[in-house]
Amino acid sequence: MSVAESVTELASGPVIGVFDSGFGGLTVLRALVERMPQARFVFLGDTARLPYGSKSQRTIARYAAESARFLVEEQRAEFLVIACNTASALALDAIEAAVPVPVLGVIEPGAEAAAAHTKTGNVMVIATEATVASHAYAAACGRRGVRAVEKACPLLVPLVEEGWTDHPVTAEVVRIYLAELLEAARHAGLQPDALVLGCTHYPLLRGVIERSVPEGVTVIDSAEATAAEAARRLATRVRGVACETVEPAAGPQIRCFATDSVAKFERLGSRFLGHPVGVVELVDLGG
Ligand code: DGL
């Protein structure tokens with residue numbers, strides 16, 4: 001497929017826009033592709049403005065709305081998956097107001113997966129500073145009768161971006177963060193049996209994280225739960241056609257855009273996606 005070809009000229013099937021502040025959201029895209037190999041995906045990583053996790057709600061909402069408009073207005077996405085916890089926590093309303101298509105974030109599916117798993121009714125969440133400050137996970141868990149203790153882990157995104165996913169420094173940083181989180185949980189009288197990865201970069205650290213959590217604590221990645229929810233909603237909402245009735249394409253049809261760092265995206269993106277990302281196109285969404 002030529003990169004100049006419009007995504008709408010590809011074989012039939014819903015166009016699903018997937019958005020992240022960087023390329024961590026490719027972990028969600030990977031789960032979506034596994035669930036819906038027949039769909040066409042257009043992924044945007046707002047790498048020029050990453051990280052969102054240390055920015056204000058107003059700025060995150062503006063960036064996320066602009067990115068959503070690009071996917072819907074220029075790439076004809078019919079359904080949006082916000083594969084970014086920070087944007088899902090702080091900008092879902094702004095995105096919904098900006099585009100006329102259904103929008104799914106990762107917080108509610110993540111909280112749902114945590115609630116389905118926990119037996120103690122207590123969970124831990126690690127995320128960016130902005131996501132934790134919003135308490136979006138605590139609120140979503142609370143609506144399901146689950147208590148959550150949250151911790152911001154701002155060093156983890158840069159470590160993943162550096163490609164240090166299995167590095168001794170990363171392992172030590174993870175160990176320290178989780179020790180502090182467990183102490184906070186103990187202090188609050190909680191007995192958590194699940195740890196939610198509340199940032200789309202963190203699944204790349206799953207191995208390191210699983211080695212650091214106490215026995216009996218399960219690591220939960222919202223990607224799979226988000227993909228399942230997207231498939232469920234698409235089956236009823238996009239063109240009124242169930243996805244399962246569409247003939248599977250030869251392989252996943254994915255077109256990737258980034259607002260900066262295209263070479264880095266191509267180099268590191270395959271780790272997130274699980275196979276080569278191919279050519280990544282540069283797009284300018286302004287400042
Ligand atoms: N994608 C963001 C998230 O899932 C992490 C990177 C960032 O801070 O922009 O929260």
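The values are calculated or read from the model by the stated rules, or taken from the named source; none is laboratory data. It should be emphasised that the depicted structure is a prediction, and the values quoted were computed from it without experimental measurement. Here the Cβ positions follow ideal geometry from the backbone for every residue, glycine too, while neighbour counts run over all protein chains shown. Accessible surface areas use protein heavy atoms only, side chains included; no ligands, DNA or RNA. Shrake-Rupley method; radii C 1.70, N 1.55, O 1.52, S 1.80 Å.
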Q: Having 3 or more residues that are modelled with pLDDT under 95 is the bar; report the helices (runs of 4 or more DSSP H) wholly within segment 200-287 that clear it.
A: 222-237, 262-273
Q. Somewhere in segment 204-215, is a residue of a type in the set (Lys, Arg) and within 15 Å of the ligand (Cβ to nearest atom)?
A. yes
Q) Restricting attention to segment 122-142, does a residue exist that is among the charged types (D, E, K, R), touching a residue at least 40 places away in the same chain (Cβ under 8 Å) and more than 15 Å from the ligand (Cβ to nearest atom)? A) no
(Q) Can you report the number of residues in segment 32-58 which are within 12 Å of residue 227 (Cβ to Cβ) and open to solvent by 10 Å² or more (accessible area, probe 1.4 Å)? (A) 4
(Q) Any residue that is among the aliphatic types (A, V, I, L, M), under 19 Å from the mean Cα position of the chain (by Cα) and over 21 Å from residue 118 (Cβ atoms) - is there at least one of those in segment 158-174? (A) yes
Q.
residue 62 - would you say it is of a type in the set (Lys, Arg), part of a helix (DSSP H, G or I) and either modelled with pLDDT of 95 or more or open to solvent by 50 Å² or more (accessible area, probe 1.4 Å) (or both)?
A. yes
Q. Within the set of pairs 6+ apart or on separate chains, which have a first residue in segment 72-98 that is farther than 14 Å from residue 128 by Cβ, a second that is more than 16 Å from the ligand (Cβ to nearest atom) and part of a helix (DSSP H, G or I), and C-beta atoms under 6 Å apart?
A. 75/7; 76/8; 79/234; 81/230; 98/69
Q.
Pairs please, first residue from segment 183-202 and within 25 Å of residue 109 (Cα to Cα), second anywhere and within 16 Å of the ligand (Cβ to nearest atom) and basic (Lys, Arg), Cβ atoms under 7 Å, 6+ apart in sequence or on different chains.
A. 184/151
Q.
Of all residues being touching a strand residue (DSSP E or B) at 6+ places or on another chain (Cβ under 6 Å) and either in a helix (DSSP H, G or I) or of a type in the set (D, E, K, R) (or both) in segment 12-59, which is nearest to the ligand (Cβ to nearest atom)? Just the residue, please.
A. 20
